[in-house]
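A quick write-up on the structure given underneath.
Readers should treat all values here as calculations from the given coordinates under stated rules, not as data from a laboratory. Owing to the predicted nature of the structure, the values given are computational and were not obtained by experimental measurement. Reconstructed Cβ throughout: ideal geometry from the backbone, glycine too, with neighbour counts over all protein chains shown.
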Amino acid sequence: SKKTNSSVWLETTKENNIKIFEKMGYSLIDEKLELSIILSIIMRAGKTKRTFQQLNHRYFKGLNYLLNDESDKAIDVFIQLAETSQETFEPQLALGNLYRRKGEVDRAIKLHQALIAQAELPERYRTRALLAIGKDYMSAGLLDRAEVLFSELVEIEAHTPEALQSLVEIYQQEQDWLQAIKSASRFQSATNRNMQTPIGHYYCELADLSLQQEDIEQAEKYLASALRVDDKSVRAHLICAKLYQDKQQWQPAIEEYQAAKAADPSFIPLFINDLADCYLALDQGEQLEQEMLQWIESYRGVSPVLTLANYYAKEKGQVFASEFLTEQLNNRASFKGLNALIELNEAELSQLGNDFVYFNVLKDLIDKLLKNKPKLRCRKCGFGAKSLHWQCPSCKNWGVVKPIYGLESE
């Protein structure tokens, strides 16, 4: 009898669950996940015929409400199931997670809270429900409540990696960088995942805050910590370089800019003009020229070419600079380079009379094109930006928004 009931229940529930998930906006490409949930209920609910029939009736009642778009009535039924039976813990937990992903966080919280309210709920179930509620609270923006739950899980050493990862996300949103450093360090120890890059950025965030408060000494300490954690932190090197530059300590500033370039050449366009200013402040134009020529050989972007062309225009004249720039643009086409070439020859072009109008039109078109295009792009998710973001606003990764290479940019 039990076998017959289970077989009928399996076939009917499988079809109904697919419809439910589709109504909730999910396409079940792999039905194994959905089938495993059903089998879990059967195995747990099938202990006695009476228990099976009771759960079967209430479960289908809830399914019927969902199919008829009566979500409020459905959630009441599932909450009753969650409060009275441990047999349906797995599907109830999964259903709550689906509600959260769908954006119905209130229903997810109610369902997961009902699971915790069960009498004599095993500890392994309770901690999983706590983790789920913590994620519900995060989705709802209730970060303080989520923090309490995740901290409890870390303290009792239950689901520690997931809890620590969630705490890191919370502290990032709250900009509590010291706590973010602490949790990220513990997460790294627990999982062996490299967290050097984000931790380095957390120290840089603290350094920026100290600089805003004009506490340079504290900022320098945070920057030293950032470089101890991540010696290839471009951001830390750039902040250090700027501090030296503000003090007119040109040589240490040059060394920091060179360290930033060695760490990640992708960021060269962001600091190359500052580097040139340091060389010129020391009256080291020849050293600037040699370094730019080396960078042109190893770096595919146009920024070193433009920097050197500007130097040549001042030191060797407009004709020499134009010839150099024209030769380089033959090898690396760039609208930025073309625009610079037009500006460099603007005085001569103006003598063309009416024909100069066409060059003005071309220059205006290039200006508009460059103005409307993003200058940087996230290497992880493709987010485009016109200004630098050390943390991608879209995917939340650190140090991945970098200058774009191509005809319309570098």
Return the loop-located GluC sites (Glu not before Pro) in the stretch 100-168 (DSSP other than H, G, I, E, B) with at most 10 other Cβ atoms within 10 Å of their own Cβ; answer none if there are none.
Glu120, Glu157
With a point put 7 Å past each Cα toward its Cβ, work out how far Lys373 is from Gln318 in nm, to one decimal.
2.6
For the stretch 229-270, give the magnitude of the charge dipole about the Cα centre (Cβ charges: +1 Lys/Arg, -1 Asp/Glu; no others), in debye to the nearest 20.
100
Applied in sequence order to the stretch 159-169, the curve 6.51 cos²θ - 1.76 cosθ + 1.60 (Karplus, θ = phi - 60°) yields integer Hz couplings, x standing for Gly and Pro, of 6, 4, x, 5, 5, 5, 4, 5, 5, 4, 4
I need Cys381, Cys204 ordered by Cβ neighbour count within 10 Å, fewest first.
Cys381, Cys204
What residues qualify as long-range amide H neighbours of Val400, i.e. H under 5 Å apart, gap of 5 or more or another chain, H built at 1.01 Å from N?
Cys392
Net charge, Leu223 excluded, C-beta distance under 15 Å - Lys, Arg +1, Asp, Glu -1
-4
Full extension between Gln248 and Ala224 adds, at 0.36 nm per residue less the Cα distance, a length in nm of 6.6 nm
Explain nothing, just compute: Karplus ³J(HN,Hα) = 6.51 cos²θ - 1.76 cosθ + 1.60, θ = phi - 60°, for every residue of the stretch 307-324 in order, whole Hz, x for Gly and Pro.
4, 5, 4, 5, 5, 4, 4, 7, 9, 10, x, 5, 5, 4, 5, 5, 5, 4
Log entry: pair-distance distribution for the stretch 144-227, C-alpha pairs binned every 5 Å from zero, whole % per bin is 3, 16, 23, 21, 15, 11, 8, 2, 0
On the formula 1/(1 + (r/R0)^6), with r taken between the Cβ atoms of Leu293 and Leu143 and R0 of 60 Å, the FRET efficiency rounded to 0.05 is 0.70
